[in-house]
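Bear in mind that the values in this text are calculations on the coordinates, not laboratory data. No experiment lies behind these values; they were computed from the predicted model shown. FYI the Cβ positions are ideal-geometry reconstructions off the backbone, even for glycines, and counts take in every protein chain you see.
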Amino acid sequence: MNYYFDVFKIRKDFPFFINNPDIIYLDSAATSHKPSIVIEKEKEFYEKYNCNVHRTSGSFSLKVEEMCENSRKTIANFLNCDESEIFFTYSATYGINYIAYFLCINEYLGNDDEVIITEMEHHANLLPFLNLSKIFGFKVKVWKMNEKLELDIEELQKIISDKTKLLAVTHMSNVLGVVNDIENIVKICKDRGLMVLVDGAQGIVHNHVDLKKWDLDFYVFSAHKLYGPLGLGVVYVNKKHSKKKKPAFSGGSIISYVSLDKITYLDSPYFFEPGTQAFAQIFAFKYAIEYLKNLNLEKVKMYEIGLTKYLLEKLKELDFVEIYGNYEEVNDKRFAIVPFNVVNLHSHDVSFVLDRFNVLIRVGHHCAQLIHHKLGIPGSCRVSIAFYNTKEDIDKFIEALKQVKFLISKN
Ligand code: PLP
């Protein structure tokens, strides 16, 4: 494995690293950095094209509309689905909330029904269901992790009942790096008549997604974790759910006719997009996806797996570090995200010291408290890797971590 692929050349595409040459950024699961093409395109939008869409038939408006539809096409190709199945919102969190509420008001979910969520979920794929269950009367069941902190398919088979209508599951854990077998999970759910909502916020960053093959119901992610702009979420809605429903949120741009007693809605995806959209971000996101595709997704993944192996080797040499999860082996089932703690130290103290050495990681519960309850700890440190990280980043992180132990034991 050549850990370097073209990483030093690649880093030159990222202004963040040019402006911050001393920063070791190991927090891409929180948000990723953007290649200059994405930043330039967002700027170009405001400088050259800025206007609203669907409001006038003027040439500028039509141009912006065409640019955004081109982005939708690029995203649909990337996910392997139809353009009409993609709608834009503001983040993964907003996307999941939209779908959860959409399912409730369209009576997919109600009294006596059950929704299964997993113990591995980010709060974004947990709280919308817990909150709405109190209003709409459905019950939330939990698919628990096994001792290896993985989700067993047999356990899912056991907890599905005749009342279960939906499984909400993460593609990849934002704490453990575990990649769930979505294809198999969907097969089981379809056999038992369940819908499946997949939180792809982390999964799409590191894994190939094929929505036609999986044939699931909903897939949601944020552009900012996938090297794209902040403020943009993408939701896939299988076309079987898009016809003649009530919109979860409404307003301008989603109708063809309104009177006080009759509303005629536009078809999907516009039906799902009330109000002014994040046009600059939608336009720029296309270039993030093209950038990633040009790097070659399979090569990126192999590089990230190689770097995770290197990180684990180094981390395991430190006797004052406890690593969580089944990291015996690093492969495409678990990589890129590694949780750990320094024994007897609070994770915030660790980050405070690492920060002094210009090493940025995430600490705390990472909006996934169910995982931390299972581990019996309040929080953890999390290193997350992207293709622009290097072996040198890992070495500097490990050296800083040794200083954490040294500095704290002196006090
Ligand atoms: N789901 C997972 C697995 C995540 O890691 C995150 C963010 O960390 C989210 C959902 C929420 O993403 P956003 O904050 O962009 O809405």
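Details
- Residues Met195, Met172, Met302, ranked from the fewest to the most other C-beta atoms within 10 Å, line up as Met302, Met195, Met172.
- Charge-dipole axis of region 260-411 as Lys and Arg at +1 and Asp and Glu at -1 on Cβ define it, positive-most pick from Leu375, Val404, Phe340: Val404
- The phi torsions of region 15-24, fed into the Karplus equation with coefficients 6.51, -1.76 and 1.60 and a -60° offset, translate into couplings of x, 4, 6, 5, 7, 10, x, 8, 7, 9 Hz, rounded to whole numbers, with Gly and Pro shown as x.
- R0 of 22 Å, Cβ-Cβ distance Lys243-Arg192: FRET efficiency to nearest 0.05: 0.40
- Estimated FRET transfer efficiency (Cys367, Asp152; beta-carbon r; R0 25 Å; 0.05): 0.55
- Contour excess over end-to-end distance, with Cα ends at Thr31 and Ile263 and 0.36 nm allotted per residue: 79.6 nm
- GNM on the chain, alpha-carbon springs under 10 angstrom: the most fluctuating residue among Ile37, Ile18, Ile282 is Ile18.
- Residue-span extension gain [Phe406 to Asp215] - 0.36 nm each, minus C-alpha spacing: 63.6 nm
- Rg/Rg_ref, the chain, where Rg_ref = 2.2 N^0.38 Å and atoms are Cα: 1.02
- Footprinting exposure proxy for His241, His122 (fewest neighbouring C-beta atoms within 10 Å first): His241, His122
- Placing a label point 7 Å from the Cα of Asn19 along the Cα-to-Cβ direction, the residues of region 266-308 with a backbone N closer than 19 Å are 281, 284-285, 288.
- 10 Å Cβ shell holding at most 10 others, DSSP loop, trypsin sites (Lys or Arg not before Pro): longest site-free stretch of the chain: 1-242
- Proxy reagent accessibility, fewest Cβ within 10 Å first, across His123, His348: His348, His123
- Debye log10 I(q)/I(0) for region 289-411, one point scatterer per Cα, at q = 0.09, 0.15, 0.19 Å⁻¹: -0.26, -0.71, -1.09
- Distance from the C-alpha centroid of region 162-200 to that of region 307-355: 27 Å, rounded to the whole angstrom.
- Sparsely packed GluC sites (Glu not before Pro) within region 146-236, loop by DSSP, other Cβ within 10 Å at most 13: Glu147
- Cut-off 16 Å, label 7 Å out along Cα→Cβ of Ser61, residues of region 260-277 by amide N: 275-277
- Distance from region 107-138 to region 32-98 (C-alpha centre basis), Å: 30 Å
- Cβ-derived FRET efficiency at R0 35 Å, Asp355 paired with Lys293, nearest 0.05: 0.55
- Taking amide H as placed 1.01 Å from N in the peptide plane, Lys34 has its amide H under 5 Å from the amide H of Phe16, each at least 5 places away in sequence or on another chain.
- Shape box of region 30-178 [Cα atoms, principal axes, largest first, Å]: 56, 35, 26
- Alpha carbon Rg of region 93-179, scaled by the compact-globule rule 2.2 N^0.38 Å: 1.07
- Length added when fully stretched, Leu230-Tyr49, from 0.36 nm per residue minus Cα-Cα: 63.2 nm
- Close amide-amide hydrogen proximity is noted between Val321 and Val343, each under 5 Å apart and 5 or more residues distant or on a separate chain (H modeled in the peptide plane; Pro and chain starts excluded).
- Top positive-direction residue, dipole computed over region 22-113 with Cβ charges, set Tyr90, Asn106, Met67: Met67
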